[in-house]
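What follows is a short report on a single structure.
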Amino acid sequence: SAVISQKPSRDICQRGTSLTIQCQVDSQVTMMFWYRQQPGQSLTLIATANQGSEATYESGFVIDKFPISRPNLTFSTLTVSNMSPEDSSIYLCSVVTAGGTWEQYFGPGTRLTVT
Amino acid sequence: EDQVTQSPEALRLQEGESSSLNCSYTVSGLRGLFWYRQDPGKGPEFLFTLYSAGEEKEKERLKATLTKKESFLHITAPKPEDSATYLCAVQASETSGSRLTFGEGTQLTVNP
């Protein structure tokens, strides 16, 4: 497994502003992902963070709204841009570690409230 | 399109009362089925991966099984600390990368 940290753990933001969430892993990982969990719902994949290149976004998510960076094998950021109350969710990063299995491990999440 | 359906949505048990959670799935070639536990305000905690029909895995009071259409998470003699939301997810072998498709979860409450 891997130890994954996220910053901030929670934030309250005003509509129209942007927030950048950081994900740090204690070891090199093969893949990193960003998920969203809206209140009372399950997890939805936003995008795969690719090292050194543009992220791969799922249907319904666009780069202008959720820009993602992954400068190296242990770090990624997700920005939620021009926020509205509908963006209030828990944002989670997950990783797949090297070793041949496909298991994904999740960070503790960032709870975002947009007022 | 990959689909995962979990039942029941919520389950209340008395301490020691064994039961099972169900995860039905439709996927174009299963690479793996994953079970997670999620406590309120926390990220999902990995429990098990199952790769092929007939496979079983155990961890303490939990046992996961897999068929070609569904998976069960059996909870034997549960304790209050087993209270959590249990999530099931599938990964398709034809999907690029390692995308997981999650079910809506089963919220388990174990009363002392």
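Regarding A:Val114, is this residue more than 21 Å from B:Trp35 (Cα to Cα) and not basic (Lys, Arg)?
Considered against the rule, which asks whether it is more than 21 Å from B:Trp35 (Cα to Cα) and not basic (Lys, Arg), A:Val114 comes out as yes.
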Query raised in the report: Exactly one of (1) within 14 Å of the chain's Cα centre (by Cα); (2) farther than 25 Å from B:Cys88 by Cβ; (3) touching a residue at least 60 places away in the same chain (Cβ under 8 Å) is unmet by A:Arg111. Its number?
Result: (2)
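Can you report the number of residues in the stretch A:1-38 which are of a type outside the set (A, V, I, L, M, F, W, C) and away from chain B (no Cβ under 12 Å)?
Of the stretch A:1-38, the ones of a type outside the set (A, V, I, L, M, F, W, C) are A:1, A:5-11, A:14-18, A:20, A:22, A:24, A:26-28, A:30, A:35-38.
From what's left, away from chain B (no Cβ under 12 Å): A:7-8, A:11, A:14-18, A:20, A:22, A:24, A:26-28.
Number satisfying all stated conditions: 14.
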Requested in this report: Could you name every one of the strands (runs of 3 or more DSSP E) located completely within the stretch A:70-115 that has at least 2 residues being among the β-branched types (Val, Ile, Thr) and surrounded by 15 or more Cβ atoms within 10 Å (Cβ to Cβ)?
Outcome: A:75-80, A:89-97, A:110-114
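Assess whether A:Arg70 counts as being of a type outside the set (Phe, Trp, Tyr), in contact with a helix residue (DSSP H, G or I) (Cβ under 8 Å, 6 or more places away or on another chain) and more than 21 Å from B:Glu45 (Cβ to Cβ). Break it down into steps so the answer makes sense when it comes.
Numbers: of a type outside the set (Phe, Trp, Tyr): yes; in contact with a helix residue (DSSP H, G or I) (Cβ under 8 Å, 6 or more places away or on another chain): no; more than 21 Å from B:Glu45 (Cβ to Cβ): yes.
Judged against the criteria, A:Arg70 is not a match.
Here is a yes/no grid of residues against (1) of a type in the set (Phe, Trp, Tyr); (2) at pLDDT below 95:
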site: A:Ser9; (1), (2): no, no
site: A:Leu19; (1), (2): no, no
site: A:Trp34; (1), (2): yes, no
site: A:Leu73; (1), (2): no, yes
site: A:Thr79; (1), (2): no, no
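Name the strands (runs of 3 or more DSSP E) wholly inside the stretch B:2-112 in which the number of residues that are away from every other protein chain (no Cβ under 14 Å) and polar (S, T, N, Q) is 2 or more.
Working: elements: B:3-7, B:10-14, B:19-26, B:30-38, B:45-50, B:56-59, B:62-66, B:70-75, B:84-92, B:106-111.
Answer list for the stretch B:2-112: B:19-26, B:106-111.
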Query - Filter result for the condition that a residue is at pLDDT below 95 and either more than 24 Å from A:Leu92 (Cβ to Cβ) or out of contact with any His (no Cβ under 8 Å at 6 or more places or on another chain) (or both), over B:Ser19, B:Ser96, B:Ser71 - result: B:Ser96
**Report entry** Per-region count, the stretch A:44-79, residues away from chain B (no Cβ under 12 Å), hydrophobic (A, V, I, L, M, F, W, C) and within 12 Å of the chain's Cα centre (by Cα)
**Finding:** 4
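Kindly evaluate A:Ser42 against the criterion of being at pLDDT below 95, closer than 26 Å to B:Glu104 by Cα, surrounded by 17 or more Cβ atoms within 10 Å (Cβ to Cβ) and of a type outside the set (Val, Ile, Thr). First the steps, then the outcome.
On the way: at pLDDT below 95: yes; closer than 26 Å to B:Glu104 by Cα: yes; surrounded by 17 or more Cβ atoms within 10 Å (Cβ to Cβ): yes; of a type outside the set (Val, Ile, Thr): yes.
Here the answer is yes, as A:Ser42 does meet what is asked.
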Query raised in the report: Only one of these conditions is not met by A:Cys93: (1) within 13 Å of chain B (Cβ to nearest Cβ); (2) modelled with pLDDT of 95 or more; (3) farther than 29 Å from B:Leu50 by Cβ. Which number is it?
Result: (3)
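The values are calculated or read from the model by the stated rules, or taken from the named source; none is laboratory data. Treat the numbers as computed from the prediction; the structure is a model and nothing was measured. No Cβ is skipped: glycine too gets one built from the backbone with ideal geometry, and neighbour counts run over all protein chains shown.
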